[in-house]
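The values are calculated or read from the model by the stated rules, or taken from the named source; none is laboratory data. Everything numeric in this text was worked out from a predicted model, so none of it was measured. Note that we place each Cβ from the backbone using ideal geometry, even for glycine, and neighbour counts take in every protein chain shown. Ligands, DNA and RNA are excluded from the accessible area calculation, which covers all protein heavy atoms including side chains. Shrake-Rupley method; radii C 1.70, N 1.55, O 1.52, S 1.80 Å.
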Amino acid sequence: MTEKYSATQKRALNSIWILISLIAFFYCSNYFVSFYGPETTIYDTIWKAQSWFLHSLIFAWYFYKNDLIKKGIIIQLLFIPYFTLRNDLYLTADYYLPIANSAYIHSVVQFFTFIIPMLYFSVSYFKNEKHATTFSKYKTFLIQLVITIVLSYIIESDVDEFYKYFASVSDSPYTQDIIVCFIFLLISIKTALVLAGFFYISNRIYSRKEIINPVDIQPISNSFFKWGFIISYTVLIMCIIDLGSNALRVSFYAFDKIEYTRVLFFLSSFFVLFVSGRFLGNLLQYRNYSLKKYFGVINALSLVPILNLISFFILLFSKKGNQSILEYITKLKTKRNIHLAIYCVLAVVLICYGYFSTEAEYRDHNVFYKIPMLIIAVILLTRFRVTTKIVPFAIAIITYYEDIKEVFDFTKGYLFFIQDKIFSFLWLAIISVFMVYYVFYYIIHKSFYTEYFQNQDEIEFEENIKQFQ
């Protein structure tokens, strides 16, 4: 995948482990300062200084690694007002100014202190990359600014949400500290991979290539598959966890005012989730084509943490098939049916396990009607291209209708939602849920589907496969 990066971007990525170490160190240091340090001005200043250095370093890293020290320092200095004022300005304005709209002053100042370093980074980064583009300067600048803002909102993760997955390990405070430090290490790795993804996406935008299909039709080498899988999968899973925790949090509250920072977080997450999900799905399918093999259910396992290592290593170390393309096409349908049967059995076992592992008084027999719905959905997804747009939403609504209804149907029913909730962030939470469904179904679709299954045109499909050889 390294061939997709410029020389300047490669320099920033070659020592990325140093950036990961620094981010992890400052995250952990802030944790110990916050939880174990005394509530004094000195420790509060240390916490703020480390937060500023940690976040600004991510944007300055590219320039430091390319010997543009002055620009790196300027970017970090431009972030100082934002991290200095974002927590204290609101209270200070309320205390000293006899005005009723101090919250608006806070929002305006926060916006400008945030956007100024974003503007400087966008202009400096684009000029240094010297991209050949047919866009006008204004369009290029706006595109660069938008993806920079996206980067700024997804480099962090919700530590509390990740901690829930490890909280049952032990109640010891020392164990808690170890777990939190481990989570910060994961977040640091994710931050570095998001930066790598930012470089990749910016190159595609400047080259006028599609973002909706972030992987070109091309042979997928071991190197491209390895780094493409690691980056897209890590960003995808951690983005889903972050999005899920925020979506759930805002689902139960109506807000009096629109918080632009939260809206930007959701919109950025939608973009990243969409691109990383489609990247992973296309990567799996094109890797299958490149190897002239059909992995089906093995591809689908890539959605499951831990088990995804099985699909990763199989697809990474598999040798290219020796059979002719015609022989490969002949065996496709048989292999698809076998893999589809295995997948359906696994889905049934998983649902039954979930039912019987629940205490008897809490078991719900309605869960079993999800089995035929899931089987029908997967069969359709393996056969028709159009279902990547229709089936995820239709199946999600039918299968999880009762769950969705509970979210909307409060004490006053749907009318309450329409009157009091429509202007809150609930709609962002709902979009989050369906975006996750779309990504899951899209990856499953790409895991089983080939163009041949829909058109049954061997000559056309043979020409398509030749592009990957």
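Below are the figures for this structure:
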| read-out | value |
| --- | --- |
| Inter-part distance where segment 206-244 and segment 63-86 are each reduced to a Cα centre, Å | 28 |
| Nonlocal amide H pairs with residue 211, under 5 Å, H built at 1.01 Å | none |
| Square roots of five times the Cα gyration tensor eigenvalues for segment 20-90, Å | 24, 16, 8 |
| In Hz, Karplus ³J(HN,Hα) per residue of segment 313-326 (6.51, -1.76, 1.60; θ = phi - 60°; x = Gly, Pro) | 6, 5, 6, 6, 9, 5, 8, 5, x, 8, 5, 6, 4, 5 |
| Net length gained if the chain between residue 138 and residue 451 were fully extended (0.36 nm per residue, minus Cα distance) | 108.8 nm |
| Förster radius 35 Å - calculated FRET efficiency between residue 46 and residue 306, Cβ distance, rounded to 0.05 | 0.40 |
| Exposure of residue 52 as accessible area (Å², to 10), given a probe of 1.4 Å and all protein chains | 60 |
| Between segment 347-378 and segment 266-294, the alpha-carbon center distance in angstrom | 28 |
| Backbone HN-Hα couplings from phi across segment 32-39 [Karplus 6.51/-1.76/1.60, Hz, Gly and Pro as x] | 6, 5, 5, 8, 10, x, x, 7 |
| Sites matching trypsin sites (Lys or Arg not before Pro) across segment 272-365 that sit in DSSP coil, with at most 14 neighbouring C-beta atoms within 10 Å | 319, 320, 363 |
